[in-house]
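Participant: Structure provided below as structure tokens; questions to follow.
The values are calculated or read from the model by the stated rules, or taken from the named source; none is laboratory data. What you are looking at is a predicted structure, and each value in this text was computed from that prediction instead of being measured. Using ideal geometry, Cβ is built from the backbone for each residue, glycine included, and neighbour counts are taken over all protein chains shown. Ligands, DNA and RNA are stripped out before the accessible areas are found, and what is left, the full protein with its side chains, is counted by its heavy atoms. Shrake-Rupley method; radii C 1.70, N 1.55, O 1.52, S 1.80 Å.
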Amino acid sequence: MVPTLTITPADALIDVPRQIRVEHVEPGQTVEITALTRRNGVLWQAQAAYTAGEDGVVDLTRDAPISGDYTGVAPMGLVWSQAPVDSPSREHFNHPVTDALVTDVVARVAGAQAQATFTQRLALDGVTRHDVREEGLVGTLYLPAGSKPGSHPAVMILNGSGGGINEPRAALYASRGYAAFALAYFKAPGLSDYISNTPLEYFQTGLRWLRKKVQPKHDFVAISGQSRGGELVLLLGATFPKEVSAVVAYVPGAVVHSGQNACDPKIGREGPTWLLGGKPIPHVWENNRTATWAPFDEGPSPHRHEKAILTALQDPDAVARARIRVEDIEGPVMLLSATDDGSWPSSLYSKMVQDKLVDVKHPYPVEWLDYENGGHSILFPYVPTTQLVYAHPVSGKISTSGGNPKDNARADQESWEGVKKFLDAAVKARAASAAASASAGPAASSTGADSASSQSAPAHSASTSGDAG
């Protein structure tokens, strides 16, 4: 009997799960499967062994491995459990990101073997990429296939304390129908190497440029950010509420933080991060009576930055001064967090944000997905989740992002499904609001789309764990 290996679909977007199936095997035989992917020149690998069923089949959508790099039934376990071979790389994607990832899969059974490949794409055919170096902005714009002015809603994507341009997420957003602008604000050509003293007006310029450039459908411009970017999108929504249609905050902060690991060494990690009108925005480390870096600097390896942040949160006056006024946001808010976040307490922060929005009866949807035992690195499906300990790209300090590969993979998958549904609902609500405004005539429409949507969008709050999915 000669085994056969099929992978369906063989070529699709990265967020599409695959069925990996080995057939024509004797029932009860052990089948070893290896998955190898070259990511930006580095080979990543995962391996597992399975027992063929009575039908002579191993199907990863049905069968858990008996040994190997992951446990339990996980159709894409051979992807998210991959680790780099002889390399400390944490780079999941090719450069450019429009170069697809190709995974070779080999199944071995009783001296015979079968091979197949599958391709994961961040950008669908027809998605276009445009470097942006205008009005002082540094970023990359991805547009859906066939995009014309006014044809798609827009989203602006902001990275965290690693800086740079988040092209992978922008490419995937564009592939899912959004004009996606990945905007750098430090650690990119022509910008500072550090996060310290970043003016919020820079992002306002980005929002206005994006609107002018793509003329988004229904004038819808969401902002999506992770980590320091998650803090930032909440702050931008509160500071420029008329210019932000929806906020997607991955592992966010509920308070403004100092420069921390991404600071300019001349200013220090307790110096300011954000400026408004040329003046620093108060942050939680400022005049804080309980804050200390010792639990991070001197704690056991792997170091958890979250332990130092928790000391700062013990000073209620400092927290109150630094709290982001999320009640000023004029649109729906989505929060994504994890209970074992090693970088900072994103689950606690998300609860603080949700509690405030519930307290003020926020007139827009508020959604919160909190992943039990997950860590700080919530990305999207289906990428490796094994590299938890890393050197910070600015400070070089070694720390752990927390979580574990299995729960991080679940967070990657479920969060992206949640974000797509959230944004789809937000765009539809915006469209309904605009239509209602138009039908009501000039008097009503003069109040603006934002005001009208605040009347028509019902408030609700959803808090679920990763297990509840």
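Participant: If the cut-off is a Cα-Cα distance under 18 Å, which lysines reach residue 212, setting aside same-chain residues fewer than 8 apart in sequence?
Facilitator: Excluding near neighbours in sequence, the set is 148, 242.
Participant: Can you work out the Karplus-derived ³J(HN,Hα) for every residue in the range 187-196? Use 6.51 cos²θ - 1.76 cosθ + 1.60 with θ = phi - 60°, whole Hz, and x for glycine or proline.
Facilitator: 6, 8, x, x, 10, 4, 7, 10, 7, 4
Participant: Does the range 316-446 come out rounded, prolate or oblate, given a ≥ b ≥ c as the square roots of the eigenvalues of its C-alpha gyration tensor, rounded meaning a/c under 1.5 and, failing that, prolate meaning a/b above b/c?
Facilitator: Prolate, because a/c is 1.5 or more and a/b exceeds b/c.
Participant: Just the number please: accessible area per residue for the chain, 1.4 Å probe, all protein chains included, in Å².
Facilitator: Value for the chain: 39 Å² per residue.
Participant: Among bridges DSSP assigns within the chain, what percent are antiparallel (round to 5)?
Facilitator: Roughly 60 percent of the DSSP beta bridges within the chain come out antiparallel.
Participant: Sorting check: for 300-309, 411-420, 156-165, which peptide has the highest mean count of neighbouring beta carbons within 10 Å, and how do the rest follow?
Facilitator: In decreasing order of mean packing, 300-309, 411-420, 156-165 become 156-165, 411-420, 300-309.
Participant: Cα-Cα pairs above 18 Å in the range 4-121: how many percent?
Facilitator: 48 percent
Participant: Which value at 222 nm does the chain reach when only helices count, each DSSP H run of 4 or more adding -39,500 (n - 2.57), with the total divided by all residues and rounded to the nearest 500 deg cm²/dmol?
Facilitator: -7500 deg cm²/dmol
Participant: If a/c stays under 1.5 just call it rounded; otherwise compare a/b with b/c (prolate if a/b is bigger, oblate if not). Do that for the chain, with a ≥ b ≥ c from the square roots of the Cα gyration tensor eigenvalues.
Facilitator: Since a/c reaches 1.5 and a/b is larger than b/c, the shape of the chain is classed as prolate.
Participant: Please turn the phi angles of the range 391-405 into ³J(HN,Hα) values with the Karplus equation 6.51 cos²θ - 1.76 cosθ + 1.60 (θ = phi - 60°), one per residue in order, whole Hz, x for glycine and proline.
Facilitator: The phi angles translate into 8, 4, x, 9, 7, x, 5, 8, 7, 10, 7, x, x, 8, x Hz.
Participant: Relative to the longest principal axis of the C-alpha atoms of the chain, give the angle of the C-alpha long axis of helix 201-214, reported between 0 and 90° and rounded to the nearest 10°.
Facilitator: With both axes taken from Cα atoms, the answer is about 70 degrees.
Participant: Which of the pairs 361/428; 279/397; 406/428; 307/421; 266/351 have their Cα atoms more than 23 Å apart in this structure?
Facilitator: 279/397; 406/428; 307/421; 266/351
Participant: In whole percent, and with a 1.4 Å probe on the protein chains, what portion of the accessible area of the range 260-348 is carbon and sulfur?
Facilitator: Whole-percent figure for carbon plus sulfur exposure: 52.
Participant: OK, next. Would you mind pulling out the separation of the Cα centroids of the range 206-238 and the range 274-325, in Å?
Facilitator: Here the two parts' Cα centres lie 26 Å apart.
Participant: Right, here's the next one. By the gyration tensor of its Cα atoms, with a ≥ b ≥ c the square roots of the eigenvalues, what is the shape of the range 119-176: rounded for a/c under 1.5, prolate for a/b over b/c, or oblate?
Facilitator: The shape class here is oblate.
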